[in-house]
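The block underneath contains the structure these notes are about, expressed in structure tokens.
Just so it is clear, none of the values below were taken in a lab; they were calculated from the coordinates. Note that this is a predicted model, so its numbers are computed, not measured. Backbone-built Cβ (ideal geometry, glycine too); neighbour counts: all protein chains shown.
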Amino acid sequence: MTLASQNDQAQDLIRRFLQQTRGFDISGYSPSFVSRSIRKRTGRTGCSSPLQYVALLRRDDDEVNELISALSINVTDFFRDDDAFRALSTLVLRPLVSQKVEQGWSALRVWSAGCATGQETYTVAMCVAEELRRLRTDSALVVRIVGTDLSSKALAYAQRGTYTPEQVKGVPRRLLAEYFTRTESGYEILPSIRRDVKFSEGNLLNRPDRKFFDLVVCRNVVIYFSRPMHDRVITNFHAALKAGGYLMLGRTETLLGRPRQMFDLVDHENRIFRKLAAGAAEEAVQTPPSAIRGVSDRADLRFS
Ligand SMILES: C[S@@+](CC[C@H](N)C(=O)[O-])C[C@H]1O[C@@H](n2cnc3c(N)ncnc32)[C@H](O)[C@@H]1O
């Protein structure tokens, strides 16, 4: 077999393996990017051929995590599209936070889905902290923000909460002074923000076991998904949200077809939507897990 055909065969086997075992779909990714990533991992692991690397993947779960990290497009930033976070603060967090504080409700719960190395999750946490500051309240509102991702490596980075000067360039200067401390090599998020944030591994295709979120932020993730995966993930978000809860997608993403009927539009430019009551649309759009190979219907996302 020529090296080129070995590469093609390995790529195909790996695509199916990742979908079946982790529900991670790379079929929409550029073949040259996938092939480069596989070649890199083949070399790093000392395998002599791509097919030998496939065999390694079948017995080594850690290597599967490494490959997923290499293939996950983990690009992210603090305040990515800063206008979008301004809109999120004004249109969503401000009313939510004041309503909860006024009514003495116990908790504000946010899910940052596909959070990569945590910048988005901490951005939301800083926006919430700013809204609480604006209210000048000593309310004991409990804030719980969970960041989830498929990539355990990205999550380990997020968990550390330390970033280089280059990585914090997007943070407005005042917020940098307010919510970070300077370390020898960069900046560390303050414990007052970290206290509100947790990270947890999870596949967005799996049914979430919590249905109490006020807001789901999922930016620059569903753009990589096929249509059945898009529909399933949006249906999961709908299920995870409380009645009237909000969903924010990335600027280039949108709700398509039936999932669109499950949400009201709040802000088109910044892709902010609001949950409509569950109904026939939700039932109709629910893609059975068996339709996506390798995806179980077990509950995911453990967060209290
Ligand atoms: C481009 S990053 C987006 C990061 C962040 N949301 C932002 O907009 O800056 C996409 C992230 O989605 C994660 N991801 C892709 N498919 C996923 C899935 N099925 N379940 C959970 N996370 C997934 C990837 O690992 C990656 O970290």
(request) Figure the gain on full extension for Ser98 and Ser192 (residue separation times 0.36 nm, minus the Cα-Cα span) and round it to one decimal in nm. (result) 31.9 nm
(request) Obtain the nm distance between the two label points defined at Ser185 and Asp62 by a simple spin-label model: each point lies 7 Å from its Cα along the Cα-to-C-beta direction. (result) 2.0 nm
(request) With unit charges on the beta carbon (Lys/Arg positive, Asp/Glu negative), name the residue among Ile193, Tyr179, Ser32 whose Cα is farthest towards the positive pole of the charge dipole of the chain. (result) Ile193
(request) Enumerate the residues in region 143-173 having an amide nitrogen under 15 Å from the point lying 7 Å beyond the Cα of Arg210 toward its Cβ. (result) 143-149
(request) For every other residue with a beta carbon closer than 11 angstrom to the beta carbon of Ser151, add +1 if it is Lys or Arg and -1 if Asp or Glu, then tell me the sum. (result) -1
(message) How big is the dipole moment of region 185-277 about its Cα centre under a simple scheme where the beta carbon of each Lys and Arg is +1, that of each Asp and Glu is -1, and everything else is neutral? Debye, nearest 20, please.
(response) 260 debye
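May I ask what percent, to the nearest 5, of DSSP beta bridges between residues of the chain are antiparallel?
Given both bridge residues lie in the chain, the antiparallel proportion sits at roughly 35 percent.
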(request) Evaluate the charge dipole of the chain about its Cα centre and quote only its size in Debye, nearest 20, assuming +1 on the Cβ of each Lys and Arg and -1 on the Cβ of each Asp and Glu. (result) 140 debye
(message) Given a 10 angstrom Cα cut-off, can you work out which residue in Arg39, Arg80, Arg194 is the most mobile in a GNM of the chain?
(response) Arg39
(request) Once you've got the GNM for the chain with C-alpha springs shorter than 10 Å, pick whichever of Asp61, Asp149, Asp25 has the biggest mean-square fluctuation. (result) Asp61
(request) Can you tell me how much longer the chain between Ser226 and Thr164 gets when fully stretched, taken as 0.36 nm per residue apart minus their C-alpha distance, in nm with one decimal? (result) 18.9 nm
(request) Please tell me which of these pairs span more than 27 angstrom C-alpha to C-alpha: Lys169/Lys242; Lys100/Lys211; Lys169/Lys198; Lys169/Lys211; Lys153/Lys275; Lys198/Lys275? (result) Lys169/Lys242; Lys169/Lys211; Lys153/Lys275
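Between beta-carbons, use under 15 Å as the cut-off and find the net charge around Leu57, counting Lys and Arg +1, Asp and Glu -1.
+3
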(message) Just want to confirm a number: the relative contact order over the chain, from Cα pairs under 8 angstrom separated by 6+ residues, in percent.
(response) 18 percent
(request) Using a Gaussian network model of the chain whose springs link C-alpha atoms within less than 10 Å, name the residue from Ala158, Ala55, Ala70 with the highest mean-square fluctuation. (result) Ala55
(message) For the chain, take the longest principal axis of its alpha carbons; what is the angle in degrees between that and the long axis of helix 31-44, to the nearest 10 within 0 to 90?
(response) 80 degrees
